[in-house]
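The values are calculated or read from the model by the stated rules, or taken from the named source; none is laboratory data. The structure presented is a predicted model; accordingly, all values stated were derived computationally and were not measured. Backbone-built Cβ (ideal geometry, glycine too); neighbour counts: all protein chains shown. Accessible surface is based on the protein model in full, side chains and every heavy atom, while ligands, DNA and RNA are left aside. Shrake-Rupley method; radii C 1.70, N 1.55, O 1.52, S 1.80 Å.
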Amino acid sequence: MRHGPQKGLTGSALASRVAQWGQRGVLNRIQAGTLTIAGNQSSGTATITAVDVSNTLLVPGGYSLNDAATTNDAVYVRLTLTNSTTLTATRGKAGGSGVATVPYTVLEFVPGALRSVQYGTVALGGSASATATITAVDTTNAAVIFLGQSSTNVSGVTGQGQGRVVLTNATTVTGTVDAAINATTLGFVVVEWY
């Protein structure tokens with residue numbers, strides 16, 4: 001029994017739904033691992049099995065540092081999906097830092113499960129707040145995930161400028177830190193469902 005008019009799918013929306021037929025669920029593949037930034041480096045990479053970036057969500061697992069460093073440039077780490085086979089973790093300091101360990105989970109969805117996935121950054125400079133513009137999303141079906149931060153600030157103790165991101169409206173992600181510190185970059189991914 002039909003309850004009200006039904007709108008038929010056409011074009012790419014129909015193709016996306018058809019691609020799901022025969023699938024056991026909405027996830028195509030899950031990859032988990034740990035990325036390492038060497039003590040003398042400001043970034044590190046991990047190679048993953050190729051994914052469709054437009055259907056892939058990166059979930060960070062935090063990070064740890066085997067060093068008693070107390071400056072923000074050595075401690076904060078930002079993670080992103082660089083391309084279909086590469087994850088990159090970045091921090092503000094190369095030499096003199098301990099080894100950073102960054103666990104991650106990569107969730108690749110079947111086509112049609114996600115409407116859009118947008119990776120980006122908010123560059124704060126010396127401000128406590130700034131914004132990044134994204135392609136418009138339906139805020140009732142979208143979420144933003146914090147992917148960490150990097151900073152070139154060497155003053156202050158760890159946690160002085162802990163960052164956070166929010167989806168302010170359909171086209172804006174706002175990044176904020178507790179205390180304005182120099183050259184801080186916040187990473188994020190905005191995922192939108194149908």
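Would you please put 73-85, 131-143 in order of how densely packed they are, using the mean number of other Cβ atoms within 10 angstrom per residue and starting with the highest?
Output ranking for 73-85, 131-143: 73-85, 131-143.
Could you pull out which residues in region 173-193 have an amide N less than 19 Å from a spot 7 Å beyond the Cα of residue 136, following the Cα-Cβ vector?
In region 173-193, the label zone of residue 136 (backbone N under 19 Å from the point 7 Å along Cα→Cβ) covers 173-174, 190-193.
Using amide H atoms built in the peptide plane, which far-off residues or other-chain residues are under 5 Å from residue 162 H to H?
178, 179
Hey, what's region 107-157 come to in accessible area per residue, 1.4 Å probe, Å²?
On a per-residue basis, region 107-157 sits at 43 Å².
Starting from the eigenvalues of the Cα gyration tensor, five times each then square-rooted, give me the equivalent ellipsoid semi-axes of region 27-66, largest first, whole Å.
Over the Cα atoms of region 27-66, the semi-axes work out to 24, 11, 8 Å.
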